2 protein chains.
Amino acid sequence: MASEKVLRMNAANHEISYADNSVFQKQIILKIRPIIEESITDAFKKIVPICMKVADLGCSSGPNTFLAIWHIIETVHGICQQEQLKLPEFEVLLNDLPENDFNFVFKSVPGFYEKLKKERGDMLQKRCFIGGVAGSFYHRLFPTRSLHFIHSSYSLHWLSKPPVGLENNKGNVYMARSSYIHIYFLIIHLNPKLGVVKEADVDSFNLPLYTPCKEEVAEIIEREGSFEIKELQVFVVEANCSSREELLGSKDIWVQKGKKFANASRAVFEPIICSHFGDAIIDKLYTRFATLAANAITYSMDHKTLNIVVSLTKKDFYQ
Amino acid sequence: MASEKVLRMNAANHEISYADNSVFQKQIILKIRPIIEESITDAFKKIVPICMKVADLGCSSGPNTFLAIWHIIETVHGICQQEQLKLPEFEVLLNDLPENDFNFVFKSVPGFYEKLKKERGDMLQKRCFIGGVAGSFYHRLFPTRSLHFIHSSYSLHWLSKPPVGLENNKGNVYMARSSYIHIYFLIIHLNPKLGVVKEADVDSFNLPLYTPCKEEVAEIIEREGSFEIKELQVFVVEANCSSREELLGSKDIWVQKGKKFANASRAVFEPIICSHFGDAIIDKLYTRFATLAANAITYSMDHKTLNIVVSLTKKDFYQ
């Protein structure tokens, strides 16, 4: 599986688009705002650049694409107003894989400028320059020492390809325990018995995903040696925002939630699943996914996601 | 007419795409190679940057998108080899309006890197970073003093909008004499009589185009004051490459050529025409266009285009 070609969120003109189904990812970005704020404040005050160069790795295409960037620009603007510093120019480079829906991203740029002008004034808008860079962050993406601040959210768990030696990994589609991924496991493993997919295809299917624990993240960063860890936290996000009473009260809500959950997953995983199993199974797969989620087999009421946020400084950055 | 929204070449997945119908624009880029070579050599030798930042304004999406960039990188590579200078990194920003088909551009980036690696080696490829910037060059697109070299081909004749005061411009669709544009004039003006389009729509139609003469270009640059003219040339390109014998010999060739010419024009003007007259007329319009061109009413055997090439240096660039 050539992950770089199939690893993309569903495009904006797709029936089940990532743009319409990325509320959960938005929650995560909003949750880590204080840490971004602290990091950007720290970096900006130390360098006070004439032009602040910022990148977002794995920007995808949807309402979240500009969320972190907006927050970064807003924070610097706030610092400059408060401390009477000259507002820098901003060169922002939005990165994702070449198959990402960059047309949607670029069509949203004028709206971003418009909003900036309306809410923060002409001067800030005129100093902002948004661009895009297509490529995998498993390779180099930018010239040497050309960036001041890099943001990346819900991207680093994607591998460049499934690890080598998984050809006979028949028991799993993925290298960790996770109720979320188990839905795929369950459905895809049931399907050969129903004649929907071939057993050999199921056996060879592996998602290019890995979700490390906090200690693994710390160890890898320390071993690599280029970065200093400023902050490393694990935090919980409740994927289900309804109250217990609400959930126990109505079956309809569950059906709706199951569908929503299935769509959010489909917006992310559809290209990968289609490239391996073909397009024919996709509607059936997600109808069953929605039913399973609605029946709370795996999507129980206390469904929580564990997330890691890490803030790093390049060791030679201020030299 | 909001030109920025409708001014785009036909996308790569369009039946008559710009990608498949831009041979003429390629001819122009190839023709001015010596001037690009001279300009880039001059600029590079004066600055010898660690990272050379290059932009292409109006890159569109098709095989020509990477043509000038390839040539610029290749020229610098040649100079470095010849003069044993350290090869710089290249940060290339491809610019076009937000409605341009950037998905096609970005999907072509890995192929560009691959070709660079194959033909010029690993080292050059690893030092190249391609990005995209969506926006009109009638506004600022890049941070202050952030570019070393800017290329733009067959873009600057596009206006940001038709000039003010053309509301009653019933006699023309355009502000200059040109056999090419006269085809549109002829066809569109014939159509109300055939009931295909409304006369009021014809009267209010104006292409956001202006093709100045050499003297006008020189005057505008001098009046603006920021740039020094290094070179200003007019050159001719024969849009018709067949021999006289060939053309006189067969009617089929003319039919084919008429169709090709109509497609090349359609790939450029379709979005503008559709946005004003609606989609319904488009097939009929270009069938007639092809017939007229084939019959050599306007597309005569000695069809030539006059082109202006200008090479400028920013006055304070080397300070």
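The values are calculated or read from the model by the stated rules, or taken from the named source; none is laboratory data. Being a predicted model, the structure only gives us computed values, none of them experimental. Here the Cβ is made from the backbone with ideal geometry for all residues, glycine too, and neighbour counts use every protein chain on show.
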- Item | Whichever residue in region B:51-78 is charged (D, E, K, R) and out of contact with any Asp or Glu (no Cβ under 6 Å at 6 or more places or on another chain) and, among such residues, is surrounded by the most Cβ atoms within 10 Å (Cβ to Cβ) | B:ASP56
- Evaluate region B:61-68: report whether one residue or more is polar (S, T, N, Q), within 23 Å of B:LEU124 (Cβ to Cβ) and modelled with pLDDT under 85. yes
- Failed item in (1) surrounded by fewer than 18 Cβ atoms within 10 Å (Cβ to Cβ); (2) at pLDDT 80 or above, with B:GLU199 passing the rest: (2)
- Note on the structure: Selection over region A:80-101 where residues are within 10 Å of another protein chain (Cβ to nearest Cβ), among the aliphatic types (A, V, I, L, M) and in contact (Cβ under 8 Å) with a residue 40 or more places away in the chain yields a count of 2
- Message: Going through B:SER61, B:SER39 one at a time, which residue ends up being in contact with a Phe, Trp or Tyr (Cβ under 7 Å, 6 or more places away or on another chain) and in the same structural domain as B:GLY132 (by the TED database)?
- Response: B:SER61
- Which one of these does A:GLU15 not meet: (1) without any contact (Cβ under 8 Å) to a residue 24 or more places away in the chain; (2) over 21 Å from A:LYS115 (Cα atoms); (3) in a helix (DSSP H, G or I)? (3)
- Message: Within region B:102-160, take every residue that is within 20 Å of the chain's Cα centre (by Cα) and on the phi > 0 side of the Ramachandran plot and give me the one that is farthest from the other protein chains (Cβ to nearest Cβ).
- Response: B:TYR154
- Within region A:1-50, work out how many residues are of a type in the set (S, T, N, Q), buried (at least 17 other Cβ atoms within 10 Å of the Cβ) and at pLDDT 85 or above. 1
- Taking B:THR65, is it in contact (Cβ under 8 Å) with a residue 40 or more places away in the chain, among the β-branched types (Val, Ile, Thr), within 14 Å of chain A (Cβ to nearest Cβ) and within 27 Å of B:LEU312 (Cβ to Cβ)? yes
